[in-house]
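This report refers to the structure that appears directly beneath it.
The values are calculated or read from the model by the stated rules, or taken from the named source; none is laboratory data. Here the structure is a predicted model, which is why all the values come from computation and not from measurement. Because the Cβ atoms are built from the backbone with ideal geometry, glycine has one as well, and the counts that use them run over all protein chains shown.
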Amino acid sequence: MKNEYLLLTPGPLSTTASVREAMLKDWCTWDDEYNKDIVEVIRAKLVQLATQQAGYTSVLMQGSGTASVEATIGSIIPTDGKLLVVDNGAYGARIAQIADYLNIACDVIAPGETAQPSIAEVEAKLIADDSITHVAIVHCETTTGMLNPIDDVIKMAKQHGKIVILDAMSSFGGIPLDVAELGVDFLISSANKCIQGVPGFGFVIARQSELEKCKGLARSLSLDLYDQWHCMETNGGKWRFTSPTHTVRAFYQALLELEEEGGIAARHQRYQENQTTLVAGMAKLGFDTLLDASLHSPIITSFYSPAHRDYQFKEFYNRLKEQGFVIYPGKVSNADCFRIGNIGDVHPSDIQRLLVAMETAKYWELSA
């Protein structure tokens, strides 16, 4: 079945027909054909994508990407621990909100949604408060499309002996990184992002020595990261509770297709070409980006809305959808904007088609 439209969003995203077709078979959660031949292979492939160095493991968690973030925050920080969060968008703010819900001590660095964190401020916080045990940062903040300076923040955190949590929800699989070289202890992502699977579960790639210290720390039964990992480790890929079998099988197919494309480096190159083609074409149509080009990620880009009295996002959205494209509304507090994603089964030729549709969808006259 062909998609009715292209999802130009940060996930869920447009998938290949072969990924969707992989969900047409039912699976038994107790069968080795599922657990050993699919789940365990996925776990191993995820670690291989994250690093070639030893000492890392992976665990899959049912639910949305946020569920995996909450599982991590709620399972690895002891009662006397404290979290420092870089908050320059909705997803950094969500990490802090999770900590608040779970009664975990938390401090934030909040430079604003269109600014990167100051490394000097990170250092000052760590020096001033030795009760901080964990540091969390979002790699690609899809509120704006900003790529955060994770190398510098993580390096500073490790210099002060902190455990590092990287929310790589919208970047893992689409931007090359090595968790061991960076010093990441827990990386979190989701099936329906750059691996190009479908929604249903998230995953955590963890430094095994740190995860093994987390037994009994979880504040939730279903979101106990350690117990889920231990069950998979000792039972050949078995999930503690009902697993999203069809989604998992689709993800397995998506991993194979990532390999066929040439791995993360090749996928990153395609996403990057999508994004640069998009920005250049939108500029010719009179659309300005919210962020400076130096802050852009290849994942999603925010554009200022036209400054015209007749412009309405919903009307613009519907006109594009009629032509086979779905974009995202803006999520920035103090700017009227919309967002266009470049990930999923999207190629430069699709972006060129979008730009033609954009010109048709412009029912207003742009201000001079």
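Can Gly281 be described as more than 25 Å from Ser18 (Cα to Cα) and part of a loop (DSSP other than H, G, I, E, B)?
no
Kindly evaluate Tyr311 against the criterion of being in contact with a Ser or Thr (Cβ under 9 Å, 6 or more places away or on another chain), in a loop (DSSP other than H, G, I, E, B), farther than 27 Å from Ala254 by Cβ and among the aromatic types (Phe, Trp, Tyr). Yes. A residue that is buried (at least 23 other Cβ atoms within 10 Å of the Cβ), within 17 Å of Pro199 (Cβ to Cβ), at pLDDT 95 or above and touching an Asp or Glu at 6+ places or on another chain (Cβ under 8 Å) occurs nowhere in region 47-61.
Against the conditions (1) under 17 Å from Asp151 (Cα atoms); (2) surrounded by 21 or more Cβ atoms within 10 Å (Cβ to Cβ); (3) more than 18 Å from the chain's Cα centre (by Cα), Val85 satisfies every one except (3). Among the residues of region 12-48, those identified as more than 18 Å from the chain's Cα centre (by Cα) and part of a loop (DSSP other than H, G, I, E, B) are Thr16, Lys25, Asp26, Trp27, Cys28, Thr29, Trp30, Asp31.
Evaluation of Ala90 against the conditions (1) of a type in the set (A, V, I, L, M); (2) farther than 25 Å from Gln228 by Cα; (3) more than 14 Å from the chain's Cα centre (by Cα) shows that the sole unmet condition is (3). As a summary of the residue check, Asn342 satisfies the conditions (1) modelled with pLDDT of 95 or more; (2) surrounded by 19 or more Cβ atoms within 10 Å (Cβ to Cβ); (3) within 25 Å of Ala250 (Cα to Cα) except for the one numbered (1). Of all the criteria given as (1) in a loop (DSSP other than H, G, I, E, B); (2) within 30 Å of Arg20 (Cβ to Cβ); (3) in contact with a strand residue (DSSP E or B) (Cβ under 6 Å, 6 or more places away or on another chain), the one not satisfied by Leu166 is (1). Checking each residue in region 323-349 for being under 23 Å from Ser190 (Cβ atoms), in contact (Cβ under 8 Å) with a residue 24 or more places away in the chain and out of contact with any Leu (no Cβ under 6 Å at 6 or more places or on another chain) picks out Tyr328, Gly330, Lys331, Val332, Phe338, Arg339, Asn342, Asp345, Val346, His347.
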